[in-house]
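The values are calculated or read from the model by the stated rules, or taken from the named source; none is laboratory data. These numbers come from a predicted model, not from an experiment. Cβ sites come from the backbone with ideal geometry, for glycine too, and all protein chains shown count toward neighbours. For accessibility, only protein heavy atoms count, side chains too; no ligands or nucleic acids. Shrake-Rupley method; radii C 1.70, N 1.55, O 1.52, S 1.80 Å.
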Amino acid sequence: MRKIANAVVVAFILFPGSGCFRGSDDQTGKEIAVSRLEEGLGSDYFWVRVHAREFLAQLHPGIQTDTSFRAFLKQHEAIPGERIGAWRVGAMAGPEHDKGRFLDKIKEAYLDTAGTDRLHAAESLAKLGVAIKDMPGGVIQSDIDSGGKIKGYILWGLSLPATQDAAPDYKMLLDEFKKGDAGTCESIAYALTKLPARMPAEVWEEVRELATDNRWSEFVRNRLKLALFLNSENPGQRDALKKEVVDFLQNEDKRLQYAACEALAAKGDRHDIAALAKMVTDEQPVGPGSEADPGLVKAHADVRIAAAFALLSLDKQTPRSPSGLSDLDWVVIVLFLVWMVGIGFFYSIKSKNSDDYFLGGRSMNPIMVGLSLFATLLSTLSYLAYPGEMIKYGPMMFFGILAYPIAYFLIARFIIPRIMELNVTSAYEILELKLGAKVRDLGTVFFLLLRFLWMATIIYATINTALIHILGFSQDFVPWACLLLSLITVLYTTMGGMKAVVLTDVIQSVIMFAGAVFTIVVISFDFGSLTEWFPKKWLPHWQEITWKVDLNQRMTVGNIMVMALLWKVCTSGSDQMAIQRYLSTRDIASAKQSLKTSLWSSAVLQIILAVLGLALASFFLKHPESLGPGTSVYENADTLFPRFILIGLPAGMTGLVVAALMSAAMSSLSSGLNSSSSVIYEDIWIRYFPGFMKHMHPLQKVHWISAIMGVTVSVCSMFVGHIEGNLLDVVNKVVNLVVAPLFVLFFMALFVPGATETGTFWGGLFSLLIAVLIAFFDFLNLGVLMILPVSLVSGIIMSTLLSFLSRIRT
């Protein structure tokens, strides 16, 4: 049996490649790690063998459907005290058709109140992610009343959601933790390191407070620190916690060493290899007959296989060169960046005045302007998230495309003609022409706050969420990568102005389309044809189509269409980035054409990315060995596209797709810089500081504004990661806060004849207040989806009412 198991390990783990182990010395290190897992599979200690098989299953899902597993199962499933371990391995990594049977056996063992291995059964059910709320309440309540570790495991199981899209009940776990005994607290602390969904920001902060409370044992507090490390999205906090986790490797408590190895397997990087390798090569005696205490010998064997698992996990996460890319990939990326800067230099010679710089001479090609608008409004996060959304939830989100014809009609019929008939450079000039300077100032502040936060976050999120992992760089490099990408974008935007922004946006749009299409083509070649991987029926885990508007559901067709329609209309009717593009075209017909191009481009790319999601799911279901350690296709859908970029694309094409990810960020940043600099120049400098630096040519002033603002955004992006809490959740809320209030100002200016300056000003602030209350204070228990519609309607009503009252007073 052991020879077969060893052969399996060697065949599937010691494969040719160049991950974190490179060169002859590093390959020897990999061989030692493999040999430790081999030793674990043949250990004299039963639970060491179980853990070795579980680690092997995480490294290579489905590998244990062989003869060695059946022999292992036959040897142990009839032995009380061992059968749970054998069934747990079967439920995790046995043949697909048998996994349910093994789970049922573990449930039966737990429900057998006279059984001697109920504690192991309760722990195993929780570790396997089995929600136990539907199990007999009497048995569960009895275990809760008894306290100790089994209570903690039962609470863990009760906290698990019944569906994949729901979150664990963290509140219940923490409430029970605060009043639990030592055994219960230990089990709950363990659970917090294993729960599938990331902790919400408020839960993370609560756990951090508990980890510093001396009422709990040192071991429990350290377990909580591991949970904080595994759930931290803040680089500064994560790095500080990681230092403690690495220190745990030298702790005298073997349980903590083992847990630290598991944590580094999930969230470590190649900088942790040296510390883990030291543990793997530790030659402390591990066999019977040594003078060491048998319990310590067993614990040491467990730690060594955990360290081996962590090393092999890190190796699997970095399957290419030290940077994660080939030389050809780097050539493609560098040529792309040089091309962008070259375009900026070319158009720097062409721009003669601020009108050329900001609006391209008001004569730009509407098709190119439309592609630019599309690229501007698509972030890297959306580019990566759409395939994962399709995999995990199905096509529901993409029904928002159905709202585009309505959006086009409303914008083209009512908004664009009113904007184009005014000879303005800044969108916010419209507000002063129609209502007064105070409303213009409020609109300017709204826009600049929105775009500064948005630009800094887009750059940071692009680097931290995607590129840093693909490129294989240390987390310490994130701020500098943000700075570098920002400065390159600032360079070509500052030099070339609107014409450079639009042309680079067009190129970047083509690259984004090409990256997604090439990925689909590569997967189709792997299957032999497109029809081989395309699903033939509605997948069972996808949400069923619901057409009505329903605030109690995550997504319905009605919800998505309403949100897509409102967002498109509000953005197109108030955001300088959109209005600036309409104004850069020749006339109303050209502006409408640019809008149509933008909507068509957005719809087509969303469909391509949805299809890409299906292709990625099929690829990883066919090749589960290509998944990252401890990941699955449906639970980790958002990670599949970046993962495939690394392991599935040929050299050169990976560089192209990485360039596509950069494109999504750079197009958003360049447009944000150009539109924001135009607002600062037209709405602030000319109005409030007309005599400042009057000897300087207006175009030079614009260049200086763009450069200073770009550097400011670059520096801000370096510090975005230090914001407390769940960064992306906070930013998504904050960015969406201002969309409706800003449009309220334009709606009143363009469509309400009796609107007054005072009424609109305070109505806009009221709309912002409502958005803040919904986003951060659960106002009327309305969800995040209701921020935009409720703040929009309330703002318009309040502005109209206050305008009416102000007219009466005058």
(message) Once the cut-off is 20 Å, how many percent of the Cα-Cα pairs in segment 614-674 end up in the long-distance tail?
(response) 39 percent
(request) Whenever you get a sec, line up Phe719, Phe336 from highest to lowest accessible area (probe 1.4 Å, protein heavy atoms). (result) Phe719, Phe336
(request) At 0.36 nm per residue, minus the direct Cα-Cα distance, what do Ala162 and Phe346 gain on full extension? Give it in nm, one decimal, please. (result) 60.4 nm
(message) When a/c reaches 1.5 or more, the comparison of a/b and b/c decides; with that in mind, is the chain rounded, prolate or oblate per its Cα gyration tensor?
(response) prolate
(message) Once you place label points 7 Å from the Cα toward the Cβ at Leu773 and Phe689, how far apart are they in nm?
(response) 3.8 nm
(request) Compute the FRET efficiency between Asp181 and Trp538 as 1/(1 + (r/R0)^6), taking r as their Cβ-Cβ distance and R0 = 41 Å, and round to the nearest 0.05. (result) 0.30
(request) Report the normalised scattering of segment 375-481 as log10 I(q)/I(0) at q = 0.11 Å⁻¹, calculated by the Debye formula with identical scatterers on the alpha carbons. (result) -0.62
(request) Decide, for segment 510-560, between rounded, prolate and oblate: order the square roots of the alpha carbon gyration tensor eigenvalues as a ≥ b ≥ c, take rounded if a/c falls under 1.5, and otherwise choose prolate if a/b is larger than b/c, else oblate. (result) oblate
(message) If you average the C-alpha positions of segment 171-219 and of segment 474-522 separately, how far apart do those two centres end up, in angstrom?
(response) 42 Å
(message) Students often get this wrong: which residues of segment 646-676 have the backbone nitrogen under 16 Å from the point 7 angstrom along Cα-to-C-beta of Leu328?
(response) 646-659
(request) Would you mind checking the tilt of helix 557-574 against the longest principal axis of the Cα atoms of the chain, expressed as 0 to 90 degrees and rounded to 10? (result) 40 degrees
(message) Could you tell me the calculated FRET efficiency between Phe452 and Ser529, based on Cβ-Cβ distance and R0 = 60 angstrom, to the nearest 0.05?
(response) 0.80
(request) Evaluate the relative contact order of the chain (contact order divided by residue number), counting alpha-carbon pairs under 8 angstrom at least 6 apart; express in whole percent. (result) 16 percent
(message) Below 8 Å, C-alpha to C-alpha, sequence gap of six or more: please give me the relative contact order for segment 376-500 in percent.
(response) 17 percent
(message) Please list, in order along segment 761-766, the HN-Hα scalar couplings obtained from phi with the Karplus expression 6.51 cos²θ - 1.76 cosθ + 1.60 (θ = phi - 60°), rounded to whole Hz, x for Gly and Pro.
(response) 4, 6, x, x, 5, 5
(message) Within segment 372-406, name every residue whose backbone N is under 11 Å away from a label modeled 7 Å from Cα of Ile545 along the Cβ vector.
(response) 395-396, 399
(request) Under 13 Å from the Cβ of Ile305, count the other residues' Cβ atoms, weight Lys and Arg +1, Asp and Glu -1, and hand me the total. (result) 0
(request) Multiply the residue gap between Glu108 and Asn251 by 0.36 nm, knock off their C-alpha separation, and tell me the result in nm, one decimal place. (result) 47.7 nm
(message) In segment 762-800, whose amide N lies under 14 Å from the spot 7 Å out along Cα-to-Cβ of Ile406? List them in ranges.
(response) 789
(request) Would you kindly derive the ³J(HN,Hα) couplings of segment 121-127 from the backbone phi angles with the Karplus curve 6.51 cos²θ - 1.76 cosθ + 1.60 (θ = phi - 60°), listing them in order in whole Hz, with x for Gly and Pro? (result) 5, 5, 4, 5, 4, 5, 4
(request) Starting from the Cα-Cα distance between Ile607 and Phe414, subtract it from 0.36 nm times their residue separation and give me the gain in nm to one decimal. (result) 66.7 nm
(message) Starting from the 7 Å offset along Cα-to-Cβ, what nm value, one decimal, do you get for the label separation of Val521 and His271?
(response) 3.9 nm
(request) Compute the acute angle (0 to 90°) between the alpha-carbon long axis of helix 148-159 and the principal axis of greatest extent of the alpha-carbon atoms of the chain; round to the nearest 10°. (result) 40 degrees
(message) Given the DSSP H assignment, sum -39500 (n - 2.57) over each helix run of at least 4 residues in the chain and divide by its residue total; what's the result at 222 nm in deg cm²/dmol, nearest 500?
(response) -23000 deg cm²/dmol
(message) So, R0 is 45 Å and r is the distance between the beta-carbons of Glu244 and Asp587; what FRET efficiency does that work out to, to 0.05?
(response) 0.10
(message) Please report the spacing between the Cα centers of segment 747-762 and segment 403-446 in Å, no decimals.
(response) 12 Å
(message) What's the magnitude of the charge dipole for the chain around its Cα centre, counting Lys and Arg as +1 and Asp and Glu as -1 at the beta-carbon? Answer in Debye, nearest 20.
(response) 2180 debye
(request) On a 0 to 90° scale, report how tilted helix 294-317 is relative to the longest principal axis of the chain, with both axes built from alpha carbons and the result rounded to the nearest 10. (result) 30 degrees
(request) Determine the sum of side-chain charges near Leu377: Lys and Arg each +1, Asp and Glu each -1, restricted to other residues whose C-beta is under 11 angstrom from that of Leu377. (result) 0
